[in-house]
Amino acid sequence: MKTILVAVAGNPNVGKTTILNHIAGTDLKVGNWPGVTVEKKEALVEFMGYRIHLVDLPGVYTLDPVAEDERIAVSFLEKQNPDVILNIVETPNLERNLFLTTELLELGRPTVLVLNMWDEAIKQGIEVDTDRMKELLNVEVVKTVGRTGEGVEDILPAVVRVYEEGRVPKVTYSPEIEGVLSQLSGEGSSKRELIAILENTPEKRKPVEEKAGKPLREILDDERYAFVHGLSAEVMKKRSISRKDVTDALDRVVLHPLLGFPVFVGVVYITFKIAFDFSTPFVDWVDSFMVDFLGPSAGLVLKALNFPDWFVRFFSEAVVGGVGFVLTFVPLIGTLYLLITLLEMSGYIPRVAFLMDRFMHRLGLHGRSVIPLIMGFGCNVPAIIATRTMESTRDKILVTMMIPFMSCPARLVVFAFFVSIFFRENPALVITFLYLLGILVAVATAFFLRKAVYRGSLSHFVMELPPYRFPSFKTLITITWVHLKDFLYRAGTLIFGASVFIWLLLNTPPGAGNISESLAGKIGKVLVPVFEPIGIDNWKATTSLIPAFLAREIVISSMGTIYTAEEAGKIGEFNPKEEFLSQMESLGTAVRDAFVSLVTLRIAAFEVEEEEEGLKDLIRKDFTPSSALSFMTFILIYTSCLGTFAVLVREIGRKRAVLFLGYSFVAAWTVSFVVYRVSSLVLQ
Amino acid sequence: MDLRSVDLGQEFTVKSLKARDLPLVRKLTAMGLREGKKARVLLKNGRVILLRLDNSRLIIDRDLAGYIEVA
């Protein structure tokens with residue numbers, strides 16, 4: 001079957017993703033452009049006997065290969081030689097969009113113009129003569145409404161038509177320029193190629209520049225604008241319709257220097273609340289279903305099939321447990337990604353960028369970085385994924401490397417446990433100190449990175465604010481699903497592998513009765529001298545840090561296992577039928593809790609359950625208040641979270657992620673050292 | 001005078017753009033901010049300015065606004 005490679009190009013916010021989503025549905029795939037952190041969306045669909053490969057290019061205004069997104073778009077268009085260019089245009093802003101269209105037409109590839117948001121244009125009294133447009137440009141023109149999917153069905157037939165006819169688009173400039181271009185060699189070259197030849201041939205270029213009294217670039221831009229202007233005048237009619245603009249009215253509040261902040265706090269609060277409280281009951285249920293039901297059930301079956309004991313344990317605890325661990329992220333990432341996509345597509349996130357820029361640019365960051373940073377307080381994993389909405393790679397990397405220091409509820413569990421033992425008098429003070437310390441380390445990290453790696457001033461701020469729009473529910477669901485799938489494939493496999501590895505460390509050699517004799521215990525003992533200077537001087541504490549790399553809160557349960565020397569994962573009486581019924585019952589409770597959480601005001605994710613008293617007594621003997629504070633500081637700063645590490649690998653690459661992990665360890669050690677020494681003086 | 005000195009709510013016409021070969025200035029032009037275009041300053045917030053231009057709203061920072069001569 002023949003493949004047609006289609007480049008989907010257009011300005012930002014013209015609805016490219018929505019259109020692509022209507023064409024491809026869940027066949028849409030996300031990934032990164034090679035070597036960069038810019039997101040790439042693509043889809044493969046079969047149509048009329050062709051395999052149509054659609055590649056979504058970054059939203060750009062020009063084909064000037066300077067900014068990273070533009071470089072990606074240009075390099076794809078020039079090097080991959082797409083068979084067809086699908087240019088999505090925002091009809092209400094037709095004239096402005098046509099500048100990019102003109103540059104795309106210069107490439108000489110068969111082109112389909114999609115006049116999107118046709119309904120909005122009509123409301124604004126804008127009419128476009130599409131037949132005339134087709135004739136003038138020798139392209140296909142399709143009218144669509146991205147929100148409803150109206151007209152999208154005409155896109156693929158148009159793609160096939162221009163491809164089969166090998167239609168070369170027409171773009172004509174002034175007779176002077178056309179005359180010069182026609183003298184250049186290069187039979188069958190596209191206009192863009194001829195322009196490049198002209199730019200690189202001084203003897204041809206100079207006379208043109210001298211005659212016009214300006215550089216060739218400016219001459220060409222003026223030619224393009226003249227072409228756009230002429231085309232618009234020919235095909236577009238605008239009746240003036242006086243109507244109230246909802247966007248302007250909303251913006252008067254949302255972007256107001258004072259009123260905007262309560263709105264922002266409200267939006268963040270609601271997002272946070274829904275994302276974390278709604279998903280937590282499901283996270284807990286998935287965890288319990290896998291660990292308490294599926295694991296033991298698998299164990300029973302394997303035992304009945306006479307598999308050796310070590311394999312039964314390995315499969316039911318490590319494999320099923322590992323899969324379960326990956327799945328616990330799904331409700332959280334799904335809910336948060338849905339909300340972030342809703343905020344992005346409705347037009348709110350670009351407004352946050354405007355509103356918060358005043359504060360964030362002091363840190364050398366863009367206003368929009370504030371959202372992922374705040375989300376980090378709920379869970380670092382989806383917060384890092386949320387940096388995908390950021391445009392510049394520099395900002396994305398800076399923010400991604402700040403997020404892991406935002407203290408999440410998993411850390412709060414550890415803090416609450418230690419604080420309840422050592423700082424009963426002023427728990428809030430200690431916990432607030434730790435949260436602020438995290439923010440301080442994040443700011444210091446950004447500062448350090450800006451001085452050492454990402455030098456140069458903050459990038460300029462040029463952005464378009466789209467009007468407020470209701471995104472289609474189908475698009476929201478598909479985009480969330482596509483990202484979840486990507487998480488499961490890429491981060492999920494790493495999380496699974498590492499969690500199996502940690503299980504092996506804790507359970508090897510197979511005969512080891514308790515953790516002291518296991519590989520993990522041995523590593524823990526070797527690590528003691530490393531942690532001694534920061535006040536953690538016994539192997540039980542250092543060993544508990546190994547399983548805690550899965551997730552920080554595990555440090556408490558692993559301390560429970562190590563300190564009380566009970567065997568990990570003992571299987572008690574297990575009745576599959578009863579357990580299944582009880583699991584179904586708790587699923588019902590989870591659904592109820594999730595919805596009930598939506599109507600309460602408090603954020604339940606920040607409430608911590610009390611842990612067992614017996615362990616607290618043992619911990620009291622092994623730690624002092626200053627070593628406890630040092631331990632909490634270490635847990636706060638060191639990226640002891642497999643989920644976070646896996647998404648770091650996915651978002652910023654393996655090398656940077658490993659470097660960051662090392663950095664977080666060194667930073668955690670150093671800050672803990674200072675905290676330990678200073679608090680030893682104060683707290684004695 | 002350049003765009004930085006335009007007051008809130010005031011309408012202006014773009015007279016010329018300095019450093020037209022600068023990629024960012026070229027981007028501004030492609031976003032519709034060209035000679036002869038009329039626009040209005042909707043809001044200012046710290047270093048950023050919000051403009052209304054035809055059907056679109058543009059945010060640009062003050063440094064960049066310095067490249068835009070207005071009348």
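Step by step: first the residues of region A:71-86, then only those that are within 14 Å of chain B (Cβ to nearest Cβ) and either within 21 Å of A:PRO169 (Cβ to Cβ) or modelled with pLDDT of 95 or more (or both), then the one that is surrounded by the most Cβ atoms within 10 Å (Cβ to Cβ). Which residue is that? Applying the filter and picking the extreme gives A:ALA73. For region A:233-245, a residue qualifies if it is within 13 Å of chain B (Cβ to nearest Cβ) and either touching a Gly at 6+ places or on another chain (Cβ under 6 Å) or closer than 30 Å to A:ARG351 by Cα (or both), and the qualifying residues are A:LYS238, A:SER240, A:ILE241, A:ARG243, A:ASP245. On the given criteria, is A:VAL675 touching a Ser or Thr at 6+ places or on another chain (Cβ under 9 Å), surrounded by 21 or more Cβ atoms within 10 Å (Cβ to Cβ) and either touching a residue at least 40 places away in the same chain (Cβ under 8 Å) or aliphatic (A, V, I, L, M) (or both)? Here the answer is yes, as A:VAL675 does meet what is asked.
With respect to (1) touching a strand residue (DSSP E or B) at 6+ places or on another chain (Cβ under 6 Å); (2) under 17 Å from A:LYS16 (Cα atoms); (3) of a type in the set (A, V, I, L, M, F, W, C); (4) touching a residue at least 40 places away in the same chain (Cβ under 8 Å), the lone exception for A:MET133 is condition (2).
Could you please let me know if A:PHE623 is more than 28 Å from the chain's Cα centre (by Cα) and either at pLDDT 95 or above or not assigned by TED's automatic domain parsing to the domain that holds A:ALA446 (or both)? Criteria not met by A:PHE623.
Results for (1) crowded, with 20+ Cβ neighbours inside 10 Å; (2) among the small types (Gly, Ala, Ser); (3) within 20 Å of A:ASN93 (Cβ to Cβ), shown as yes or no for each residue.
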position	(1), (2), (3)
B:ARG4	no, no, no
B:PRO23	no, no, no
B:THR29	yes, no, yes
B:LEU33	yes, no, yes
B:ARG47	no, no, no
B:ARG57	yes, no, yes
B:GLY66	no, yes, no
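Would you say A:ARG358 is assigned by TED's automatic domain parsing to the domain that holds A:ALA668, surrounded by fewer than 24 Cβ atoms within 10 Å (Cβ to Cβ) and more than 20 Å from the chain's Cα centre (by Cα)? For A:ARG358, the condition - assigned by TED's automatic domain parsing to the domain that holds A:ALA668, surrounded by fewer than 24 Cβ atoms within 10 Å (Cβ to Cβ) and more than 20 Å from the chain's Cα centre (by Cα) - is met. Report, by residue number, each residue of region A:309-359 that is acidic (Asp, Glu) and either without any contact (Cβ under 8 Å) to a residue 40 or more places away in the chain or within 14 Å of chain B (Cβ to nearest Cβ) (or both). If the condition is that a residue be acidic (Asp, Glu) and either without any contact (Cβ under 8 Å) to a residue 40 or more places away in the chain or within 14 Å of chain B (Cβ to nearest Cβ) (or both), then A:ASP309, A:ASP357 are the ones that fit.
Checking each residue in region A:484-503 for being surrounded by 22 or more Cβ atoms within 10 Å (Cβ to Cβ) and of a type outside the set (A, V, I, L, M, F, W, C) picks out A:GLY492, A:SER499. Entry remark, region A:246-260: residues being part of a helix (DSSP H, G or I) and within 11 Å of chain B (Cβ to nearest Cβ) number 6 in total. Applying a threshold of 6 Å to beta carbon distances and a minimum spacing of six or more residues, or different chains, the list of pairs starting in region A:36-57 at a residue that is hydroxyl-bearing (Ser, Thr, Tyr) and at pLDDT 95 or above and ending at one that is in a strand (DSSP E or B) and surrounded by fewer than 16 Cβ atoms within 10 Å (Cβ to Cβ) reads A:TYR50/A:LYS2.
Among the conditions (1) in contact with a helix residue (DSSP H, G or I) (Cβ under 9 Å, 6 or more places away or on another chain); (2) farther than 27 Å from B:LEU58 by Cα; (3) modelled with pLDDT of 90 or more, the only one that A:TRP33 does not satisfy is (3).
The helices (runs of 4 or more DSSP H) found wholly in region A:433-550 and carrying at least 1 residues that are outside the structural domain of A:LYS29 (by TED's automatic domain parsing), within 30 Å of A:HIS366 (Cβ to Cβ) and touching a residue at least 40 places away in the same chain (Cβ under 8 Å) occupy A:473-486, A:492-507. Considering only residues of region A:258-280 that are under 17 Å from A:PRO382 (Cα atoms) and of a type outside the set (Val, Ile, Thr), which is surrounded by the fewest Cβ atoms within 10 Å (Cβ to Cβ)? Among those residues, the one meeting the criterion is A:TYR269. For region A:225-244, name all the residues that are surrounded by 12 or more Cβ atoms within 10 Å (Cβ to Cβ) and without any contact (Cβ under 8 Å) to a residue 60 or more places away in the chain. If the condition is that a residue be surrounded by 12 or more Cβ atoms within 10 Å (Cβ to Cβ) and without any contact (Cβ under 8 Å) to a residue 60 or more places away in the chain, then A:ALA226, A:GLY230 are the ones that fit.
Condition check ((1) modelled with pLDDT of 90 or more; (2) over 22 Å from the mean Cα position of the chain (by Cα); (3) not hydroxyl-bearing (Ser, Thr, Tyr)) across all residues:
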| residue | (1), (2), (3) |
| --- | --- |
| A:THR389 | no, no, no |
| A:ILE403 | yes, no, yes |
| A:CYS408 | no, no, yes |
| A:LEU412 | no, yes, yes |
| A:PHE422 | yes, yes, yes |
| A:ASN426 | no, yes, yes |
| A:VAL430 | yes, yes, yes |
| A:LEU436 | yes, yes, yes |
| A:ALA446 | yes, no, yes |
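Collect the residues in region A:92-127 that are at pLDDT 95 or above and β-branched (Val, Ile, Thr), keeping them in residue-number order. A:THR101, A:THR102, A:THR111, A:VAL112, A:VAL114, listed by residue number.
For every residue, the table says whether it meets (1) in the same structural domain as A:ALA275 (by TED's automatic domain parsing); (2) at pLDDT below 90; (3) loosely packed, with under 13 Cβ neighbours inside 10 Å; (4) under 28 Å from A:THR564 (Cα atoms).
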{"site": "A:ARG592", "(1), (2), (3), (4)": "no, no, yes, no"}
{"site": "A:GLY614", "(1), (2), (3), (4)": "yes, yes, yes, yes"}
{"site": "A:ILE619", "(1), (2), (3), (4)": "yes, yes, no, yes"}
{"site": "A:LEU629", "(1), (2), (3), (4)": "yes, no, no, yes"}
{"site": "A:LEU636", "(1), (2), (3), (4)": "yes, no, no, yes"}
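Taking region A:19-43 on its own, how many of its residues are outside any strand (DSSP E or B) and in contact with a strand residue (DSSP E or B) (Cβ under 8 Å, 6 or more places away or on another chain)? Residues meeting the conditions: 8. One residue is enough: does region A:656-675 have a residue meeting the conditions farther than 30 Å from A:ARG490 by Cβ and of a type in the set (S, T, N, Q)? Checked against the condition, which is being farther than 30 Å from A:ARG490 by Cβ and of a type in the set (S, T, N, Q), region A:656-675 yields at least one hit. Residue selection: A:LYS2 fails the criterion of being among the basic types (Lys, Arg) and under 25 Å from the mean Cα position of the chain (by Cα). On inspection, A:SER279 does not qualify as closer than 17 Å to A:ALA318 by Cβ and either more than 14 Å from chain B (Cβ to nearest Cβ) or at pLDDT below 85 (or both). Taking A:PRO467 as the residue in question, decide whether it is at pLDDT 85 or above and within 14 Å of chain B (Cβ to nearest Cβ). It is true that A:PRO467 is at pLDDT 85 or above and within 14 Å of chain B (Cβ to nearest Cβ).
Of the residues making up region A:361-377, those that are surrounded by 24 or more Cβ atoms within 10 Å (Cβ to Cβ) and within 12 Å of chain B (Cβ to nearest Cβ) are A:HIS366, A:GLY367, A:ARG368.
The values are calculated or read from the model by the stated rules, or taken from the named source; none is laboratory data. Keep in mind it's a predicted model, so treat the numbers as computed, not measured. All Cβ positions, glycine included, derive from the backbone under ideal geometry; neighbour counts span all protein chains shown.
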